[in-house]
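Colleague: This is the structure I want to talk about, given as structure tokens.
Where a number appears in this text, it was derived from the coordinates with a stated rule and is not lab data. This one's a predicted model, so the numbers in the text were calculated from it and none came from an experiment. Cβ coordinates were reconstructed from backbone atoms using ideal geometry, including for glycine residues, and neighbour counts include every protein chain displayed.
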Amino acid sequence: MATGLALLPFASANAYETGTNSPGATAIVALPFTISSPGNYYLATDLSIALPAGAAITIEASGVILDLNGRTLSNTTVSNTAYGIFVFNQVDVTIQNGNVDSFAVGVFFAPGSTDVNAKNTALNLRLNSNTVGVESLSGTSNLVRLCIIDGGSIGIWFRKDLGSRAEDNILELQAPIESNKTGVALVSTHSLGVVFDNNVVAKGTGKIGQIMSGTDKYRFESFVGFAVSGPVVGGTDEEADSN
């Protein structure tokens with residue numbers, strides 16, 4: 001486990017450095033912003049918005065790389081129901097390399113009328129004080145990797161997903177709040193089989209660090225500061241089954 005954590009900074013620094021370096025990449029300089037064509041996009045500077053609802057950045061195209069470029073996307077409205085980055089009914093979208101702060105949902109992968117939400121990725125993000133860090137609804141084979149999620153009520157939430165995966169993430173200090181009473185870092189509800197792998201959860205105020213559906217699996221998870229060694233509800237421990 002220690003070896004895996006030691007590699008996190010190196011992996012983060014070198015993961016998918018393509019968004020700003022690609023010819024023709026589009027700079028995002030004002031909010032709200034809608035991406036409606038495939039391609040590479042990046043934040044040219046830190047961007048903030050006073051947004052009670054809606055989305056700061058909406059992605060309505062497949063084949064998109066949104067590179068936050070080490071910048072911060074933030075909401076200055078204290079109580080809001082807004083999304084930081086809303087990926088609507090798309091495939092092969094990658095969100096990477098920056099901070100998303102103070103939204104109801106930091107990154108939301110969602111299906112539309114044609115029920116598309118597949119092979120989307122949240123990579124090397126720092127998600128601070130969002131009610132939910134990353135959420136996927138009715139997704140297939142989505143990935144959350146190398147993210148640090150601080151605060152909020154839920155860190156990563158798979159809802160009715162199939163084959164999605166969260167790995168090598170660090171989550172800390174999730175706690176129930178007025179708008180969401182869950183207070184659990186890793187959550188999978190009504191899913192058809194997802195995997196949580198090699199995540200680190202530092203205790204907030206709740207007794208549970210991970211809740212999963214019966215068909216879900218996990219392995220190599222680490223829980224810090226909890227009263228019991230493995231505060232997990234549901235799912236199958238793949239590491240235990242391999243012994």
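Colleague: List every residue whose amide H lies under 5 Å from the amide H of Thr72, counting only residues 5 or more places away in sequence or on a different chain, with H placed 1.01 Å from N in the peptide plane.
Modeller: Amide H neighbours of Thr72: Asp46, Leu47, Asn99.
Colleague: I need the phi-derived Karplus couplings for the range 81-96: 6.51 cos²θ - 1.76 cosθ + 1.60, θ = phi - 60°, integer Hz, Gly and Pro marked x.
Modeller: 10, 8, 9, x, 10, 10, 9, 10, 6, 9, 10, 6, 10, 10, 10, 8
Colleague: Okay, moving on. Give me the extension gain from Ala53 to Glu238: residue separation times 0.36 nm, minus the current Cα-Cα distance, reported in nm with one decimal.
Modeller: Values: separation 185, 0.36 × 185 = 66.60 nm, distance 3.97 nm.
62.6 nm is the gain from fully extending Ala53 to Glu238.
Colleague: Which one is right for this structure if Cα extents along the principal axes in Å is calculated from it: (i) 55, 44, 35; (ii) 51, 38, 36; (iii) 45, 41, 38?
Modeller: For Cα extents along the principal axes in Å, the calculated option is (ii).
Colleague: Obtain the nm distance between the two label points defined at Leu137 and Glu178 by a simple spin-label model: each point lies 7 Å from its Cα along the Cα-to-C-beta direction.
Modeller: It is 2.3 nm.
Colleague: Going by how many other beta carbons lie within 10 Å of each one, how would you line up Leu51, Leu137, fewest first? Let's see the in-between values first.
Modeller: Values: Leu51 22, Leu137 15.
Ordered from fewest to most neighbouring Cβ atoms within 10 Å, Leu51, Leu137 come out as Leu137, Leu51.
Colleague: Which net charge results for the neighbourhood of Leu143, defined as the other residues with beta-carbon distances under 13 angstrom from its beta-carbon, given Lys and Arg at +1 and Asp and Glu at -1? Intermediate results must be reported in sequence, preceding the final value.
Modeller: Numbers: positive: Lys119, Arg145, Arg165; negative: Asp92, Asp161, Glu167, Asp168, Asp197.
Residues close to Leu143 contribute a combined charge of -2.
Colleague: Follow-up question, since we're still on this one. Go ahead and run the numbers for FRET between Thr76 and Ala44, Cβ-Cβ distance against an R0 of 22 Å, rounding to 0.05. It would help to have the intermediate numbers written out before the result.
Modeller: Numbers: r = 19 Å, r/R0 = 0.87.
According to the calculation, E is roughly 0.70.
Colleague: Here's another thing I want to ask about it. Within 10 Å of each residue's Cβ, count the other Cβ atoms and sort Asp115, Asp161, Asp150, Asp216 from fewest upward.
Modeller: On the way: Asp115 10, Asp161 27, Asp150 18, Asp216 23.
Sorted ascending by nearby Cβ count, the order is Asp115, Asp150, Asp216, Asp161.
Colleague: How much net charge surrounds Gly206 when only other residues with a Cβ under 14 Å from its Cβ are counted (Lys, Arg +1; Asp, Glu -1)? If you can, show how the numbers build up before the last one.
Modeller: On the way: positive: Lys181, Lys203, Lys207; negative: Glu172.
Local net charge: +2.
Colleague: Test of understanding: ordering Ser22, Ser36 by Cβ neighbours within 10 Å, fewest first, what list do you get?
Modeller: Numbers: Ser22 15, Ser36 9.
Ordered by Cβ neighbours within 10 Å, fewest first: Ser36, Ser22.
Colleague: For Val144, which sequence-distant residues (separation of 5 or more, or a different chain) have an amide H within less than 5 Å of its own amide H, given hydrogens modelled in the peptide plane?
Modeller: When sequence neighbours closer than 5 places are left aside, the close amide H contacts are Ala122, Arg165, Ala166, Glu167.
Colleague: What is the spin-label model distance, in nm, from Ala30 to Ser222 if the labels are put 7 Å beyond Cα along the C-beta direction?
Modeller: Output for this residue pair reads 4.6 nm.
Colleague: I need the phi-derived Karplus couplings for the range 31-41: 6.51 cos²θ - 1.76 cosθ + 1.60, θ = phi - 60°, integer Hz, Gly and Pro marked x.
Modeller: Working through the residues one at a time gives 10, x, 9, 10, 9, 10, 9, x, x, 10, 9 Hz.
Colleague: For the range 54-65, take each phi angle, set θ = phi - 60°, evaluate the Karplus expression 6.51 cos²θ - 1.76 cosθ + 1.60, and give the result in whole Hz per residue in order, putting x for glycine and proline.
Modeller: Working through the residues one at a time gives x, 9, 5, 10, 10, 10, 10, 8, 8, x, 10, 10 Hz.
Colleague: Relative contact order for the chain using alpha-carbon pairs under 8 Å, separation at least 6, rounded to a whole percent?
Modeller: Numbers: 769 pairs, mean separation 25.7, N = 243.
Relative contact order for the chain comes out at 11 percent.
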